[in-house]
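The structure appears right after this line, and notes come after that.
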Amino acid sequence: MAMSDRGTWGSRFGFVLAASGSAVGLGNIWGFPTKVGQNGGGAFVLVYLACVIFICLPILIAELAIGRRTSSDPVGAYSKLRPGTRWWMAGGLGVAAGFGVLSFYSVIAGWALAYIWFTAIGTVSSDALESAAFFTEFTGRAPINLLLTFVMLASTAGVLLGGIRSGIERVSKLLMPVLALLLIILAIRAVTLPGAAEGLAYYLKPDFSKALNFGTLNAALGQAFFSLSLGLGTMLVYGSYLTKREGIARAAIMVVAVDTSLALLAGFMIFPSGFSIPGFDPSATGPGLIFIVLPQLFATLPGGQFFGATFFILLTVAALTSAISLLEVPVAHLIDSHGWKRTRAVLIVMIATFALAIPSALANGASDFFTHLPVIGLDFLTVMITVWNDFALPMGGLFTAVFVGYVWRIDNALEELLAEQAWFPGRQLWGMLIRYACPAAIFLIIFGTLRGMIT
Ligand code: PHE
């Protein structure tokens, strides 16, 4: 299929906003602070930054290069570069992960949507137990959760029907600046709360005794992959809509900078807020940090209904631009590799994802079976998050690094990266990271976690 039929980004700015829209999501605002809290604060932040710079940035560049070279979906891309081999399966893992991640992502995005309303009308209590009970009661109701999940998926599909430029790019250009602005307002509000200093100290002062074990390393790496939308072909697909005019390295650095600053900024908003609540324990909060602790704070703050609703609008918008990019992976696959029309691909993928989302939507009390899965005892949603975030995405990254480093090879990738004399200062270092550091680090971390799980 000719490039013009598939669509391209209108400008580098458009690409950077769309790719940042993909990257900045629940992972930054919900996942990052939660993981920092569960893994001991400041030291985790440093481990995270190291993963971003030395592992994720090189892989992001690699994914974009594969995408642009082949102008294809992940399956098509690997098979174009190595026809007749099994490498297409690495792309297939990505397409499956697009479904898998979106199926649980849309459930959580649905909660964010509902909390806009809950905080705006002030239904959440300032009491910790009551706020927790409210969340449990709400997430345990089947019809409303299914409806919210469906609304999020349908809005995502609505944007994708518009295609690349007038769908994804236009919506990202509109929503990303709004999102950054809301986050800045909320962070300023948070650091001026009483108790903010304690929260900042927790967030910024590293305590290494807590961070240097496989569990933490894996959490940091998984989080970094997830946050940068890596390892499932999203960036490969977004790269496939780039024209040769745009320098990949520069665009990649911009996306990493936006994503990482917004994750860090989310920490500046969450920890001071949390610590301003008496008796707050960051390590004991887990996912409830956003849906239980913060609403509790908004319930006491002057203007809390306003700030609360603003926060959840922010979360919903961030989730929407990421969901768009998740849905686009299987959609691009059906269009590029199977010749489907965009409308048909979008609608079918949306319905299939909704079907897969049902067990996750019912996994918080609405269905006993999905809330306590037989044998493992965990809820379905948690299992999905672990399988996709902690394993599938790093595995996808491992495949990308090995493929580019040893199969497609660095010089061929560099030819793509340096097209039209593009700026790429650290190219040798990049090659070494892709060939040695990325595969070794990812492998060690996945292996270490598995061993920790088994023993
Ligand atoms: N990066 C998104 C977030 O931080 C999630 C995502 C992962 C989107 C993988 C696309 C691909 O929430």
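The values are calculated or read from the model by the stated rules, or taken from the named source; none is laboratory data. As the structure is a computational prediction, the values presented were derived from the model and not from experiment. Cβ: placed from backbone, ideal geometry, glycine included. Neighbour counts: every protein chain shown.
The residues on offer are G222, G239, and the sole one that is within 16 Å of the ligand (Cβ to nearest atom) and within 21 Å of L417 (Cα to Cα) is G239.
Considering only residues in the stretch 2-11 that are among the small types (G, A, S) and assigned to a loop (DSSP other than H, G, I, E, B), the one that is farthest from the ligand (Cβ to nearest atom) turns out to be A2.
What single numbered condition from (1) in contact with a Leu (Cβ under 8 Å, 6 or more places away or on another chain); (2) in a helix (DSSP H, G or I); (3) surrounded by 19 or more Cβ atoms within 10 Å (Cβ to Cβ) fails to hold for V237? For V237, the failing item is (1). The residues listed here are A201, A190; of these, the one that is in a helix (DSSP H, G or I) and either modelled with pLDDT of 90 or more or surrounded by fewer than 20 Cβ atoms within 10 Å (Cβ to Cβ) (or both) is A201. In this structure, is G41 touching a residue at least 60 places away in the same chain (Cβ under 8 Å), in contact with a Leu (Cβ under 9 Å, 6 or more places away or on another chain) and at positive phi? Yes, satisfied.
The single condition from (1) surrounded by 15 or more Cβ atoms within 10 Å (Cβ to Cβ); (2) away from the ligand (no atom under 14 Å from the Cβ) that L212 fails is (1).
Take the conditions more than 21 Å from L181 (Cα to Cα), touching a helix residue (DSSP H, G or I) at 6+ places or on another chain (Cβ under 6 Å) and either among the hydrophobic types (A, V, I, L, M, F, W, C) or free of Cβ contacts under 8 Å to residues at least 60 places away in the same chain (or both) and apply them to I248. Does it pass? Taking the combined requirement at face value, the residue satisfies it.
Looking only at residues in the stretch 12-58 that are assigned to a loop (DSSP other than H, G, I, E, B) and within 22 Å of S172 (Cα to Cα), the one that is nearest to the ligand (Cβ to nearest atom) is G25.
Taken over the stretch 63-106, the criterion of being within 17 Å of A251 (Cα to Cα) and touching a Phe, Trp or Tyr at 6+ places or on another chain (Cβ under 8 Å) is satisfied by L64, I66, G67.
Just one of the listed residues (S261, S227) is among the small types (G, A, S), within 12 Å of the ligand (Cβ to nearest atom), farther than 20 Å from A77 by Cα and modelled with pLDDT of 95 or more, and it is S227.
Just one of the numbered conditions (1) free of Cβ contacts under 8 Å to residues at least 40 places away in the same chain; (2) within 18 Å of the chain's Cα centre (by Cα) is not true of A220: (1). Against the definition (within 16 Å of the ligand (Cβ to nearest atom), surrounded by 24 or more Cβ atoms within 10 Å (Cβ to Cβ) and in a helix (DSSP H, G or I)), how does V159 come out, yes or no? It is false that V159 is within 16 Å of the ligand (Cβ to nearest atom), surrounded by 24 or more Cβ atoms within 10 Å (Cβ to Cβ) and in a helix (DSSP H, G or I). Suppose the filter is surrounded by fewer than 23 Cβ atoms within 10 Å (Cβ to Cβ), among the small types (G, A, S), assigned to a helix (DSSP H, G or I) and away from the ligand (no atom under 14 Å from the Cβ); does A154 pass it? Considered against the rule, which asks whether it is surrounded by fewer than 23 Cβ atoms within 10 Å (Cβ to Cβ), among the small types (G, A, S), assigned to a helix (DSSP H, G or I) and away from the ligand (no atom under 14 Å from the Cβ), A154 comes out as yes. Looking across the stretch 115-151 at every residue that is outside any helix (DSSP H, G or I) and touching a helix residue (DSSP H, G or I) at 6+ places or on another chain (Cβ under 8 Å), the one that is modelled with the highest pLDDT is identified as I121. The residues of the stretch 67-104 that are assigned to a helix (DSSP H, G or I) and charged (D, E, K, R), listed by number, are R68, R69, K80. Residue check: T400 meets all listed conditions (1) within 16 Å of the ligand (Cβ to nearest atom); (2) under 15 Å from V101 (Cβ atoms); (3) among the hydroxyl-bearing types (S, T, Y) but one, namely (2). May I ask you to list the residues in the stretch 238-256 that are more than 25 Å from L444 (Cα to Cα) and within 15 Å of the chain's Cα centre (by Cα)? Of everything in the stretch 238-256, those that are more than 25 Å from L444 (Cα to Cα) and within 15 Å of the chain's Cα centre (by Cα) turn out to be Y238, V255. Taking the stretch 306-420 and the helices (runs of 4 or more DSSP H) fully enclosed by it, the elements with 3 or more residues that are closer than 20 Å to G25 by Cα and in contact (Cβ under 8 Å) with a residue 24 or more places away in the chain are at 342-361, 380-385, 393-402.
Pairs meeting the criteria (first residue in the stretch 108-131 and more than 26 Å from G279 (Cβ to Cβ), second residue among the aromatic types (F, W, Y) and at pLDDT below 95, beta carbons under 6 Å, at least 6 apart or on different chains) are I116/F312. Scan the stretch 365-382 and tell me whether some residue there is closer than 20 Å to L183 by Cβ and within 16 Å of the ligand (Cβ to nearest atom). No. Exactly one residue among L362, L356 is over 30 Å from L181 (Cβ atoms) and either touching an Asp or Glu at 6+ places or on another chain (Cβ under 7 Å) or more than 16 Å from the ligand (Cβ to nearest atom) (or both), and that residue is L362.
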